[in-house]
Amino acid sequence: MTRRARLIGVLAVLVAGAIGVIAATQTWLDVTLADGASDTLAVSGADAVPLLTPLSLAALAIGAALTIVGTVLRYTLGALTLLIGGALVYVVGRVAFAQPVDAVAGAVTEATGITGGAVASLVSGIATTPWPVITLVAAVVLTLAGAFVLVTARRWRESARRFRTDAASTANMPGEASAKPDAIDSWDELSRGEDPTA
């Protein structure tokens with residue numbers, strides 16, 4: 001159960017973060033302008049939700065960090081994942097269901113040179129692609145993954161000995177100096193150029 005919990009938590013965070021990064025490069029909204037032009041203006045996820053890329057990259061970093069950190073940091077990262085997921089649910093859901101003009105204002109300004117309140121009068125229609133909904137699902141998964149990490153963090157196995165300092169390893173194992181060295185100790189000594197059989 002402990003290994004499965006770690007795997008589920010880490011994979012959910014990584015997959016949700018990866019979907020967010022991919023979605024940021026895709027077209028989310030097609031804008032029809034009131035000037036009568038036949039071509040629509042494509043708005044990417046990164047333009048519609050500027051926070052999408054940095055928060056998704058943060059989720060990827062958290063997913064990687066969860067594989068090696070201890071219990072206290074797992075709780076911290078789980079809470080941070082929950083906050084990131086909640087923030088993404090709000091901002092992505094707003095674009096997916098409300099299609100606000102401010103989500104396309106930057107792209108309209110870049111295409112027309114017009115800024116401010118006049119942008120709204122230029123937009124005659126906004127059509128949504130499937131990407132906002134896909135990203136919203138990923139944000140919900142990320143939020144649930146953060147809650148899952150918080151609930152199961154204590155049951156995860158500690159990280160492997162190779163990620164601990166020598167002091168932490170010896171502090172957790174009293175009498176280790178007199179104990180018979182195991183295979184990891186022998187490999188560590190060989191790596192340092194020492195003879196483990198001496």
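The values are calculated or read from the model by the stated rules, or taken from the named source; none is laboratory data. None of the values given here were measured: they were computed from a predicted structure. Here the Cβ positions follow ideal geometry from the backbone for every residue, glycine too, while neighbour counts run over all protein chains shown. Remember, those area values only see protein heavy atoms, side chains included, never the ligands or the DNA or RNA. Shrake-Rupley method; radii C 1.70, N 1.55, O 1.52, S 1.80 Å.
Taking strands (runs of 3 or more DSSP E) that fall entirely within the stretch 25-139, which contain at least 3 residues that are at pLDDT below 85 and in contact with a strand residue (DSSP E or B) (Cβ under 8 Å, 6 or more places away or on another chain)? So the answer is 123-128. Pairing residues of the stretch 94-119 that are of a type outside the set (Asp, Glu) with residues that are part of a loop (DSSP other than H, G, I, E, B) and buried (at least 17 other Cβ atoms within 10 Å of the Cβ), at Cβ distances under 9 Å and at least 6 apart in sequence or on separate chains, gives Arg94/Val49; Val95/Val49; Ala103/Val49; Val119/Val104.
Restricting the first member to the stretch 17-29 and to residues that are closer than 13 Å to Leu57 by Cβ, and the second to residues that are open to solvent by 10 Å² or more (accessible area, probe 1.4 Å) and of a type in the set (Ser, Thr, Tyr), the beta-carbon pairs closer than 6 Å and six or more apart or on different chains are Ala24/Thr53. Filter the stretch 140-156 down to residues that are assigned to a helix (DSSP H, G or I) and open to solvent by less than 50 Å² (accessible area, probe 1.4 Å) and give me whichever is nearest to Ala16 (Cα to Cα). The qualifying residue nearest to Ala16 (Cα to Cα) is Leu142. Taking each residue of the stretch 131-158 that is closer than 15 Å to Leu11 by Cβ and looking for partners that are modelled with pLDDT under 90 and among the charged types (D, E, K, R) with beta-carbon atoms closer than 6 Å, six or more apart or interchain, yields Trp156/Arg6. The set of residues in the stretch 83-111 being among the aliphatic types (A, V, I, L, M), under 23 Å from Ala12 (Cα atoms) and open to solvent by 60 Å² or more (accessible area, probe 1.4 Å) consists of Leu83 alone. Count of the stretch 47-68 residues, restricted to those that are buried (at least 19 other Cβ atoms within 10 Å of the Cβ) and out of contact with any Phe, Trp or Tyr (no Cβ under 7 Å at 6 or more places or on another chain), is 9.
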